1. Cβ-Cβ below 7 Å, separation at least six or inter-chain, first residue in the range 139-162 and small (Gly, Ala, Ser), second outside any loop (DSSP other than H, G, I, E, B): which pairs?
2. Looking at ILE51, ILE23, which is the one that is under 19 Å from the mean Cα position of the chain (by Cα), in a strand (DSSP E or B) and of a type outside the set (S, T, N, Q)?
3. Under 9 Å between Cβ atoms, at least 6 apart or on separate chains: pull out the pairs that start in the range 20-31 with a residue that is of a type in the set (Val, Ile, Thr) and end on any residue that is surrounded by 14 or more Cβ atoms within 10 Å (Cβ to Cβ) and outside any helix (DSSP H, G or I).
4. Among (1) part of a loop (DSSP other than H, G, I, E, B); (2) surrounded by 15 or more Cβ atoms within 10 Å (Cβ to Cβ), which single condition is LYS31 missing?
5. Only one of these conditions is not met by LEU78: (1) free of Cβ contacts under 8 Å to residues at least 60 places away in the same chain; (2) closer than 26 Å to GLY128 by Cα; (3) not aromatic (Phe, Trp, Tyr). Which number is it?
6. So, of the residues in the range 9-51 that are within 23 Å of SER111 (Cα to Cα) and of a type in the set (Lys, Arg), which turns out to be modelled with the highest pLDDT?
7. State which residue pairs qualify: first residue under 17 Å from LYS158 (Cα atoms) and assigned by TED's automatic domain parsing to the domain that holds PRO134 and inside the range 101-123, second residue of a type in the set (Gly, Ala, Ser) and loosely packed, with under 13 Cβ neighbours inside 10 Å in any location, beta carbons under 6 Å apart, and separation of 6 or more residues or different chains.
Amino acid sequence: IRDRLMRYRIEILDRHGIKLSDIQHVIGTLKPLPGGKEFLDELRSLVQVIILSDTFEQFAQPLLRQLNWPTLFCHRLLVANDRITGYELRQPGQKQKSVAALKSLNYHVISAGDSYNDTAMLGEANVGFLIHAPEKVKAEFPQFPAVESHAELLKLIKAALG
């Protein structure tokens with residue numbers, strides 16, 4: 001389903017002449033969530049941070065620039081002459097597999113996410129938290145403490161660090 005949806009989206013972009021640079025320009029007008037940059041800066045002063053996302057490198061770049069280039073593991077668009085021609089997934093289940101790989105290297109992994117597509121990653125981590133998750137997700141996954149602010153999440157992470 002994801003492949004069909006992505007190919008359909010790429011077809012629409014092509015049909016309307018929308019280039020990668022057009023999309024990046026719009027994304028460049030977006031700002032991080034209020035408090036997001038400060039949260040990330042403080043967290044990076046305490047530990048190494050890796051962002052695991054289902055986005056694409058080329059879409060994330062404008063926001064990453066505003067966040068002082070945190071490490072991001074995500075997917076990649078295939079581009080020719082500023083035209084999106086396809087995409088490459090790192091691998092299916094890349095969030096959960098990334099956490100498993102880090103744990104296999106004896107890293108203690110603390111993760112946070114906001115939706116269903118994060119729950120396998122949260123379950124794989126040594127410690128997992130939900131932030132800004134819909135009520136349905138919180139109800140279905142009560143094993144993950146849920147918070148609504150970056151300040152609350154930072155407090156939980158600091159406690160998990162010991």
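The values are calculated or read from the model by the stated rules, or taken from the named source; none is laboratory data. Quick caveat, the model's predicted, so the values are computed rather than measured. Don't worry about glycine lacking a Cβ; one is built from the backbone with ideal geometry, like all the others, and counts go over all protein chains shown.
1. Sorted first by the residue in the range 139-162, then by its partner, the pairs are ALA146/LEU130; ALA146/LYS138; ALA160/ILE110; ALA160/VAL127.
2. Sole residue among the options that is under 19 Å from the mean Cα position of the chain (by Cα), in a strand (DSSP E or B) and of a type outside the set (S, T, N, Q): ILE51.
3. Note: pairs meeting the criteria are ILE23/ILE84.
4. That leaves (2) as the condition not met.
5. (2)
6. The selected residue is ARG44.
7. none
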